[in-house]
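Notes to accompany the following structure.
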Amino acid sequence: MNAMLKSPFAWLLKREYWEHRRSFLRTQWVVAAVVIALTILGIIAAEVWGARTGNNIQIGFSGSLNDALQNGLSQNTDALVRGLDSMLLSFGLIASIVLFFVVFFYLLGALYDDRRDRSILFWKSLPVSDTATVIAKVVSATVVAPIIAVIVVLAAYIVQQIVMSIWFGAHGLNPFTLIWAHVGPFSTWLHLVAAIPVDAVWALPTVGWLLFWSAAVRSKPFLWAVFIPIIAGVLNFWVGLIGLPHVNIGFFWGDLVGRALLSVFPGSWMAVYRNDPSMLNQLTNMSAGEHVGTYGMMYHTFLTPDMWIGAAVGIALIAAAIWFRRWRDEV
């Protein structure tokens, strides 16, 4: 284990974290802190308003915290646990949105920024291969950043529970039996952790696409990576509109453009079931705590052609990015 932590690849991962911890870690913390702060301000406002008028105002970013308090007062444990599940999932959704933008722009600059500031000359002077360098960036985007995100989700949820415990206690309720004694929300969090390998493989087309342009172009990788597929989609639609042979519109935007640009969004692998009525019905009937997918649904994705076709394309694009990294020294 000690040898693995001191290996060159481990140091490459540490380098990526040190250089990007502001986006990987601090951005997640700041957003979670803002949500918690707004919740605290909402609780204070609700209590003041209730004391003055005798009416309650609705607060909460997932359902209503007022409902949680009322469920606690009425000892409606099942509804309270569902509310706690929704609260954790709300933190997970917020973290997923933040993670998408962080990883998207991290990948766009991952190989381009080294050439722009000419630090690539220093890194190439070290005994580290271009392949290892690029793979470290892939792992950072698909594994390290998501792990940080789910840890922040759990920490933010626990802080939110502490806030709710104080609030419940102020109303004469026992927070230990009403809030802390339930494993449901933590089981939901484990689903988020279990989804990381599925998200990582599903994300490979976008990872490869963004790294390819980051390594290949001399300027403005965002424009190349984003506008080329969008312009191609518009031209394809126009060609179809005038009756000429074209790629199916739904396939082009969903399976080509969507996979190229949006596959790094956590949980986007659920799109593989969009044409499966049984799976869609299963998703519809799930509780809030199951909306991240059952373990079976997650790992069944590895048996679908969409997963491995996308992964093969992503790996080919990553290989192309490695080639460009090897031969392009600076912008």
What is the calculated FRET efficiency for Ala232 to Phe302, with r their C-beta to C-beta distance and R₀ = 25 Å, to the nearest 0.05? 0.25
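Using 1/(1 + (r/R0)^6) with R0 = 45 angstrom and r between the beta carbons of Arg118 and Ala155, what's the FRET efficiency to the nearest 0.05?
Approximately 0.75, to the nearest 0.05.
If neighbour count is taken as other Cβ atoms inside 10 Å, put Val152, Val128 in order from fewest to most.
Details: Val152 25, Val128 16.
So the residues, fewest neighbours to most, are Val128, Val152.
Quick one: if the Förster radius is 41 Å, what FRET efficiency do Leu223 and Val183 give, using the C-beta to C-beta distance and rounding to 0.05?
Values: r = 48 Å, r/R0 = 1.17.
Once the sixth-power term is evaluated, E becomes 0.30.
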Could you please rank Trp238, Trp224, Trp213, placing first whichever residue has the fewest other Cβ atoms within 10 Å of its Cβ? Trp238, Trp224, Trp213
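Values in this text are rule-based calculations from the coordinates and carry no lab data. Note that the coordinates shown come from a computational prediction; the quantities given were computed from them, not determined experimentally. Because the Cβ atoms are built from the backbone with ideal geometry, glycine has one as well, and the counts that use them run over all protein chains shown.
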